[in-house]
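Report on the structure given below.
Just so you know, all these numbers are worked out from the coordinates, no wet-lab data involved. Here the structure is a predicted model, which means the values were calculated and not measured. Heads up, the Cβs are rebuilt from the backbone with ideal geometry, glycines too, and the neighbour counts pull from every protein chain shown.
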Amino acid sequence: MARQMDSGFLAWLRRDLLLAWRRRGEVASPVLFFIMVSTLIPLGLTPESTRLAEVAAGMVWVMALLATLLSVDGLFASDYQDGSLEQMLITPQLLPLPVLGKITAHWLTTGLPLTLVSPLLGLMLSLPAAGFIPLLWSLALGTACLSLIGAVGAALTVSLRKGGLLLTLLVMPLYMPVIIFGSASVSYAIDGINWLPPLAVLGALCAAAVALCPLAVAGALRATASN
Amino acid sequence: MNLFSDWTWFHRLGSPRWFYQNSGRWLPWLSVVTLVVLATGLVWGLAFAPADAKQGNSFRIIYIHVPASFLALAGYYIMAIAGAVGLIWKMKLSYMVMKSAAPIGAVLTFIALFTGAVWGKPTWGTYWVWDARITSMLILLFLYAGVMALQYAYHSVDAASKAGAILALVGTVNIPIIYKSVDWWYTLHQPATIKLTSAPSMHPDMFQPLLVMIAGFYLFYALVLILQTRNEILRRERNTSWVRELAAAKMTTNTIANEAKSE
Amino acid sequence: MSLSSSSLLSIENLAFERDDSRLFDGINLTVNGGDILQIEGANGSGKTTLLRLLTGALQPSAGRINYQGQPISENRYDYLADMLYIGHQPAVKLNLTAEENLRWMVASAAKSNRVAVADALAEVGLAGYSDIPCYTLSAGQHRRVALARLLISEARLWYLDEPFTAIDKQGVSLLQSCLQHHVAQGGLVVLSTHQDLALNNVRKYNLLSRAEYLV
Amino acid sequence: MTMYFANFDQLIAMGGHGVYVWSAFAVTVAAMLWLAVAPVIKHRALLNDIQRDSQRNRQRQRDSQRQDQNQQAGQSAAVSNATTDSPSNQSEEDF
């Protein structure tokens, strides 16, 4: 009887991807939100491209953060309602592994699409050409951090009825460093400075998040199991 | 007997009743000392300390802004440590200390923010400046708000305490990262203007009252934390026998006092 | 499935507190292979809590649960790999088909490939329904998907919380024969239900009076 | 240690910065006072509340005991089918 140590991660990843595939329409909602909100900026600020260019990098990042935040509280909600979260708590595998599987599935279904759509937003907000590659890289790493940290907030508020707003309050302060280094790497590139250092820091944040957030999520799920 | 039996002093320390009775004895002395230290620090800083060459008298706000910022940050770590002790040794009292520490820390952070903003007006001409120190303080206020909101969101008290403890721990890991990234972000966009809290380059006459004020604030924090924790103990242990006897005893002394007054 | 010398499952003065009000305490039980233990008690007496304590999802405030003589905190992997829990909700994802639901449950559990997924579904009477999404099935059929796990799983310890709710007479007899078969193989079942089981030598344990008697 | 300011008015004016310094100090002292005083008031309120609770519980126990006695008295009256009401019931009504 071989000990399938890693089946926890793959099993839950495959299941969540299958679930997301079944509701393909829902996967598009964060992306649609991302694009719609970004059209507000020219309406709110100015249609004039030179001024838009100054705020483009930061704005695309803020919109990506809000889109991820919106979709992250659904991470455990459906499992909590139909009882599969209870099953996850008692699988033999260590809890952080299935949790990491779920978070990876969430990133693949929200973070990645946002990153792939961001050049389109860059065009719409007249982002300077130098900013596109760094934008792609910083969003790819950044949305992974956002999903991981957001999962901690989702786990803490999963058993609460209206946990959505509370989730934002819990998670927003923890998002600050991610957005600082994420948008900085794009604005460095636009100013012609070497944009790798801030991206490296973002990578470090992402690595730390991959290592620590699943532990915090597992602790939070076990702590609130008795609510 | 296994190792843990001689840790009884540690678990006795953790019993809410022991804490309630002993803190009752310390409170009068602690409040007197706190009052004295704070009063001397205030008078010294306001009236006797020399004014700053550049900023003039508005720099006197440092005597409340800096201690409040110190306590706001230290308070968060105290809250997180109390939560961690609760999580590890499952001690009810440390969860109560954590729950009481959150609002105190939030008020101190608000004081630090308010005084920082008022100080900004004469120095930079506007009330709100995205200075690195003040921005980090604002994020700290959000962290406190998160822990407090989480505590009151649950039906079961145990789940609330554990969730609050976990969020406080996640917060402590992030505070250094937030502070460093905000500093880096601030220097990225702004040439380093005068730092709001340039404590070391201060004249000794200015610096000594600051030390007194910081000591005063630490004493004040301890006093208020004990007061809040005692209330939390009464709330959570309200249907234990010792609390009911205590309430009965307090009421009889009060009624006697009222009768004595009414004659 | 060899019978281990020490009891398969033993509970030593288990107690559980919810916000300083003691739900129950001083529960002592030993359950060996071949036993069916029915937990009785009025609503709110803590039947579900006891089962969730057994699964390790909740931590008791006192006492210990032993699997093969060892506390479950020490041999967590072996215990959880050898256990199957079906709670109030059948843990069935509505957007997946019955087959996908079972395949996911099989993949995430360590020991469960006794019977093929399709055969298990056929046996619980869902033969024709295995490839349509579960939101088209009734609640009773969702329970049957959860019960199909019993056929597939090789776990010896079964913890079932009100397994008979929402299933029809034919399903009830199917489940009882399933329990019979499992217990005959040396497995053990701890279940909470208000119905009387049409099985012999079922041990009943009343949570409130802590009395145990044999039917 | 000589006072930095010559007289009281200079202390208030503080060279034009007085309004900022004093407003900052006023808000701080007010917040700290509230932080210190609120728990003391709450402490007394909690004790009152607990005391009233235990009194109410004791009262409820006494009532339930009295009802048990009434039932027993009622049954014994029915058994001996005495016609007059037992005294304890009357006192109950006009209580």
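Could you grab the relative contact order for the stretch B:105-228? Cα pairs under 8 Å, six or more apart, rounded to a whole percent. It comes to 20 percent, rounded to a whole number. So if the hydrodynamic radius of chain B is defined as the Kirkwood radius over C-alpha pairs, what does Stokes-Einstein give as its diffusion coefficient at 37 °C and 0.692 mPa s, in µm² per second? For the chosen part, D equals 157 µm²/s.
So what is the relative contact order of chain B, in percent, for Cα pairs below 8 Å that sit 6 or more residues apart?
29 percent
Annotation for the stretch C:133-153 versus the stretch D:1-27: alpha-carbon center distance of 78 Å. Comparing C:Ala120, B:Leu225, A:Thr39 along the charge dipole axis of the protein assembly as shown, the residue lying farthest to the positive side is B:Leu225, per the Cβ-charge model.
For chain B, the longest principal axis of the C-alpha atoms and the axis of helix B:132-151 are separated by about 20°. Once the mean of 1/r is taken over each pair of separate Cα atoms and inverted, the stretch B:8-97 shows a Kirkwood hydrodynamic radius of 16.3 Å.
Over the stretch C:123-173, the Kirkwood radius and the radius of gyration, each from Cα atoms, give a ratio Rg/Rh of 0.96. Distance between the C-alpha centres of the stretch C:6-53 and the stretch A:97-172: 43 Å, rounded to the whole angstrom. The ranking of C:Leu121, B:Leu188, C:Leu29 from fewest to most other beta carbons within 10 Å of each one's beta carbon is B:Leu188, C:Leu29, C:Leu121.
Working value for the stretch A:108-227: equivalent-ellipsoid semi-axes of 31, 15, 11 Å, each the square root of 5 times a Cα gyration tensor eigenvalue, largest first. Expressed in units of 2.2 N^0.38 Å, where N is the residue count, the Cα radius of gyration of chain C is 1.01.
Looking at the stretch C:40-124, which GluC sites (Glu not before Pro) are in a loop (DSSP not H, G, I, E or B) and have at most 13 other Cβ atoms within 10 Å?
Of the GluC sites (Glu not before Pro), the ones in loops of the stretch C:40-124 whose Cβ has at most 13 other Cβ atoms within 10 Å are C:Glu74.
Computed about the Cα centre, the dipole magnitude for the stretch C:82-215 is approximately 240 debye when only Lys and Arg (+1) and Asp and Glu (-1) carry charge, each at its Cβ.
Separation of the stretch B:23-48 and the stretch B:200-220, taken as the distance between their Cα centroids, equals 14 angstrom. Looking at the stretch A:1-91, the GluC sites (Glu not before Pro) that sit in a DSSP loop and have at most 16 other Cβ atoms within 10 Å of their own Cβ are A:Glu48. Computed over the protein assembly as shown, the per-residue total of -39500 (n - 2.57) for DSSP H runs of n ≥ 4 gives a 222 nm mean residue ellipticity of -22500 deg cm²/dmol, rounded to 500. Once the Cα atoms are used to define both axes, helix B:204-236 deviates from the longest principal axis of chain B by about 30 degrees. Each Lys and Arg contributes +1 and each Asp and Glu -1, all at the Cβ; summed about the Cα centre of chain B, the dipole is approximately 400 debye. When the charge dipole of the stretch C:1-145 is built from unit charges on Cβ atoms (+1 for Lys and Arg, -1 for Asp and Glu) and taken about the Cα centre, the candidate among C:Gly140, C:Leu96, C:Leu80 whose Cα reaches farthest toward its positive end is C:Leu96. When the convex hull of the Cα atoms of the stretch A:1-118 is projected onto a plane and the area is averaged over all directions, what value comes out in nm²? Mean projected area of the Cα convex hull: 8.9 nm².
Charged side chains reduced to their Cβ positions (Lys and Arg at +1, Asp and Glu at -1) give chain A a dipole of some 440 debye around its Cα centre.
Remark: the protein assembly as shown is approximated by an ellipsoid whose semi-axes, taken from the C-alpha gyration tensor as √(5λ), come to 54, 44, 22 Å, largest first. When A:Cys206, A:Cys145 are arranged by Cβ crowding within 10 Å, least crowded first, meaning fewest neighbours, the order is A:Cys206, A:Cys145. Compactness ratio for the stretch C:1-71: Cα radius of gyration over 2.2 N^0.38 Å (N = residue count) comes to 1.15. For the listed residue pairs C:Lys93/C:Lys169; C:Lys47/C:Lys204; B:Lys250/D:Lys42; B:Lys90/B:Lys250; B:Lys92/B:Lys180; B:Lys90/C:Lys47, the alpha carbons are over 23 angstrom apart in C:Lys93/C:Lys169; B:Lys90/B:Lys250; B:Lys92/B:Lys180; B:Lys90/C:Lys47. Relative to the globular-protein estimate of 2.2 N^0.38 Å, the Cα radius of gyration of the stretch C:51-112 stands at 1.34.
Take every DSSP beta bridge whose two residues both sit in the protein assembly as shown; close to 55 percent of them are antiparallel.
Here the residues C:Val117, B:Val32, ranked from fewest to most Cβ neighbours within 10 Å of their Cβ, fall in the order B:Val32, C:Val117.
Mind jotting down a quarter of the surface of the convex hull over the alpha carbons of chain A, in square nanometres, one decimal?
13.2 nm²
Taking the inverse of the mean reciprocal distance over all distinct Cα pairs, the Kirkwood hydrodynamic radius of the stretch D:9-55 comes to 13.4 Å. Short-range pairs are left out: with C-alpha atoms under 8 Å and at least six residues apart, the relative contact order of chain C is 27 percent. Simple rule: put +1 on each Lys or Arg Cβ and -1 on each Asp or Glu Cβ in the protein assembly as shown, find the dipole, and look at A:Leu141, A:Val60, B:Val66; the Cα lying farthest toward the positive end is B:Val66.
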